[in-house]
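Heads up: the structure comes next, in structure tokens.
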């Protein structure tokens, strides 16, 4: 049984990711009109992903439900496709399943050895590229081949930035987590 703290944490983290996605992450592409410009803010999204994993403390399925709620919240936005088109956003849910299973299985090992900062970086460097792999694999089912080819090329070009942003975001997420833990 989940505690009310877990449910509240899932809702709060999903709303924070939603607000960041709407007001920061998608704005770069919307303002410039350049597809893939939102990858500039990978470190911000990775920070929230890392913080979310750390706040759930290795408990199973919290991150998966967090991702499901994020998907439902971004449904009316243009982030990830046409508004109210559920199929391209399923990538968020599908990527959350292996991320939740693999990364939360490793939490106790890193916590026991007092290496949560490395686990935090591992979570983001695993999850962020995993979402991109799922997008490249599943977007041909939803989008025209021209869009998929362009999107795939953008991801390939941005791989160093995406991984670097994931590493920086994982570290920042850990620092933010330490502040939250010390504050409460």
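The values are calculated or read from the model by the stated rules, or taken from the named source; none is laboratory data. Owing to the predicted nature of the structure, the values given are computational and were not obtained by experimental measurement. As a convention, Cβ positions derive from the backbone with ideal geometry for all residues, glycine included, and neighbour counts pool all protein chains shown.
With respect to the conditions (1) under 24 Å from residue 137 (Cβ atoms); (2) at pLDDT 90 or above; (3) out of contact with any helix residue (DSSP H, G or I) (no Cβ under 6 Å at 6 or more places or on another chain), residue 71 falls short on a single one, namely (3).
Could you list, in sequence order, the residues of segment 141-154 that are part of a helix (DSSP H, G or I) and farther than 21 Å from residue 98 by Cα?
Hits for segment 141-154 are 145, 146, 147, 148, 149, 150, 151, 152, 153, 154.
Checked against (1) in contact (Cβ under 8 Å) with a residue 60 or more places away in the chain; (2) on the phi > 0 side of the Ramachandran plot; (3) surrounded by fewer than 14 Cβ atoms within 10 Å (Cβ to Cβ), residue 35 meets all criteria but (2). Counting the residues of segment 98-125 that are closer than 24 Å to residue 155 by Cα and touching a helix residue (DSSP H, G or I) at 6+ places or on another chain (Cβ under 6 Å) gives 8.
Residues that are surrounded by fewer than 19 Cβ atoms within 10 Å (Cβ to Cβ) and in contact (Cβ under 8 Å) with a residue 24 or more places away in the chain were ranked within segment 6-17; the one that is farthest from residue 72 (Cα to Cα) is 6. Inspection of segment 66-78 identifies no residue that is in contact (Cβ under 8 Å) with a residue 60 or more places away in the chain and farther than 27 Å from residue 160 by Cβ.
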